[in-house]
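Here the structure comes first, spelled out in structure tokens, and everything after it is commentary.
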Amino acid sequence: MAKSTRTARSTASAPQLPSRPFAAAGPAAPLTCGQVSLDGLAADFGTPLYVYDAAQISARLSLFQLALAHRPHLVCYAVKASSTLGILRLLAAQGAGFDIVSGGELERVLAAAPSAAGRVVFSGAGKSVQEIDRALEANILAFNVESEDELELLAARAARRRRKARFSLRVNPDVFAETHPYISTGLREHKFGIDIRQARRIYNQAAASKWLTPHGVSVHIGSQIRTAEPFGAAVARVARLVRDLAKDGIPLTSVDAGGGLGIDYHASPSFDPAAKVAEYAAAVEAALKGLDVTLLLEPGRFIVAQAGALLTRVLYIKRNGKKTFVVTDAAMNDLIRPALYQAFHEIVPVTPRPGKLAPVDIVGPVCESGDFFARDRKMPPLEPGDLLAILDAGAYGMAQSSNYNTRPRPAEVLVEGATAQLIRRRETIADLLAPELL
Ligand code: LLP
């Protein structure tokens with residue numbers, strides 16, 4: 001099944017696309033998404049509004065598929081980065097598999113692309129009995145198991161169904177990767193995975209089980225990692241384990257190198273996504289040299305982040321002493337990355353006004369000082385009613401949105417060439433009140 005993913009499409013050459021799909025024809029021209037006017041989208045669908053460029057998403061997936069073309073592979077898109085059905089369907093149609101971390105994400109994959117069930121890997125440190133049962137029923141590709149207790153439960157649930165479960169141990173390789181502490185996962189002090197030093201013993205025990213099939217080894221060292229070396233180092237440790245297990249008579253068929261490849265949130269012109277993926281794939285491949293395994297990857301951010309922007313309207317401009325606050329109709333509930341990780345997102349006016357740049361804070365209406373998108377950011381003159389695009393918001397934007405302050409979540413639009421399709425309607429207050437029992 002994994003081998004069948006080397007489709008004609010993945011051997012075609014990758015389309016040449018700019019690293020960001022939101023661009024203007026000139027310095028004074030309005031920003032567009034492909035051939036579609038962002039002003040027009042805001043007028044048609046309202047704000048705040050998430051907009052995604054389908055061509056960019058497809059091209060990013062192709063980059064991974066092409067870079068791995070010399071070895072059996074499956075790119076399992078990390079659903080958590082952006083889980084809207086329209087995006088999952090787009091990726092599934094291009095042969096993607098999926099990395100899920102909950103029963104809810106499994107239902108999303110099954111709803112968007114039922115035939116992709118056999119291309120799903122299930123990660124996560126706390127799978128429930130119900131989630132395991134549903135995934136067994138769906139006959140997913142493999143469970144990425146994170147503890148001995150989980151492996152025992154998986155065997156018991158597989159036995160009840162009288163159907164073997166394929167598993168990979170997610171090992172913790174004890175590799176340091178430079179990133180934000182909240183999204184670094186590959187050190188022994190983190191809660192993720194099984195200590196790689198224990199893994200050989202656990203595989204040997206599991207191999208004796210009637211209901212477990214050792215499928216592979218998985219590893220994920222963190223997110224927004226900008227260099228290839230830590231990936232190579234982690235996979236090298238995994239490769240050593242695969243060789244040891246082969247000596248024990250346990251041949252594994254896959255290595256899952258996880259996700260985590262970082263993007264450039266600062267719009268540096270030198271950032272070349274194709275070169276990044278090639279460098280990353282080369283590091284992983286070098287570590288796997290000589291091993292006859294299918295390579296699984298779980299990229300999320302790299303595929304969707306730069307394909308998405310959050311459009312927001314300026315509501316008010318206010319000056320408190322020396323500070324200027326630009327209050328927008330989007331807030332931390334719509335995009336929490338700046339508040340949660342002090343993350344930088346470039347913010348550009350859709351139709352720039354001439355004039356000098358001046359520092360402003362761009363903030364939302366939520367009652368928290370942490371509700372900001374940018375602080376002391378140099379921006380051209382802005383006025384109420386202006387439209388802003390918060391760039392690189394396609395990953396962990398809508399997916400991490402909430403209804404805090406009883407704010408309905410934004411609508412989402414997928415742009416394909418000259419057409420725009422509403423893939424998720426804006427929530428209503430009635431949607432938010434519906435589950436409540438007075
Ligand atoms: N696989 C596993 C097991 C993961 O835990 C993750 C992300 C991925 C794959 C995908 O990683 P990516 O390729 O997207 O870096 N909310 C944070 C990022 C959290 C990442 C969690 N795990 C952010 O907005 O930066």
_Flag for ARG243 being in contact with a helix residue (DSSP H, G or I) (Cβ under 8 Å, 6 or more places away or on another chain) and open to solvent by 40 Å² or more (accessible area, probe 1.4 Å)_ = no
_Condition first: open to solvent by 10 Å² or more (accessible area, probe 1.4 Å), within 16 Å of the ligand (Cβ to nearest atom) and acidic (Asp, Glu). Now tell me which residues in the range 328-353 satisfy that._
GLU346
_Would you confirm whether or not the range 251-258 contains a residue that is in the same structural domain as ILE196 (by TED's automatic domain parsing), open to solvent by 40 Å² or more (accessible area, probe 1.4 Å) and either farther than 22 Å from ILE87 by Cβ or touching a Ser or Thr at 6+ places or on another chain (Cβ under 9 Å) (or both)?_
yes
*Residue among LEU88, LEU66, LEU49 that alone is within 30 Å of ASP386 (Cβ to Cβ) and of a type outside the set (Ser, Thr, Tyr)*: LEU49
*Determine the pairs where a residue that is buried (at least 17 other Cβ atoms within 10 Å of the Cβ), located within the range 411-427, has a partner that is among the basic types (Lys, Arg) with Cβ atoms under 8 Å apart, the partner being 6 or more residues away or on another chain.*
ALA411/ARG424; ALA411/ARG425; ALA411/ARG426; GLU412/ARG424
*Pick from the range 292-315 the residues that are open to solvent by 10 Å² or more (accessible area, probe 1.4 Å) and within 15 Å of GLN65 (Cα to Cα): which of them is nearest to the ligand (Cβ to nearest atom)?*
GLU298
*Filter the range 99-116 down to the residues that are within 15 Å of the ligand (Cβ to nearest atom), open to solvent by less than 10 Å² (accessible area, probe 1.4 Å) and in a helix (DSSP H, G or I), then identify the one that is farthest from GLU137 (Cα to Cα).*
VAL109
*Considering each of GLU178, GLU189, GLU152 in turn, give the residue that is at pLDDT 95 or above and open to solvent by 60 Å² or more (accessible area, probe 1.4 Å).*
GLU152
*Name every residue in the range 209-230 that is surrounded by fewer than 24 Cβ atoms within 10 Å (Cβ to Cβ) and at positive phi, in order of residue number.*
GLN224
_Only one of LYS289, LYS276, LYS318 that is assigned by TED's automatic domain parsing to the domain that holds LEU141 and either within 16 Å of the ligand (Cβ to nearest atom) or closer than 30 Å to GLY46 by Cβ (or both)_ = LYS276
*Looking at (1) surrounded by fewer than 20 Cβ atoms within 10 Å (Cβ to Cβ); (2) farther than 30 Å from ASP386 by Cβ, which is the only condition ALA55 fails?*
(2)
*Within the range 354-369, how many residues turn out to be of a type outside the set (D, E, K, R) and buried (at least 16 other Cβ atoms within 10 Å of the Cβ)?*
6
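The values are calculated or read from the model by the stated rules, or taken from the named source; none is laboratory data. Only a predicted model underlies this, so the values are computations on that prediction, with no experimental measurement involved. Counting neighbours? That spans all protein chains shown, and the Cβs are built from the backbone with ideal geometry, glycine included. When the accessible area is computed, the model is the full protein with side chains, heavy atoms only, and any ligands, DNA or RNA have been set aside. Shrake-Rupley method; radii C 1.70, N 1.55, O 1.52, S 1.80 Å.
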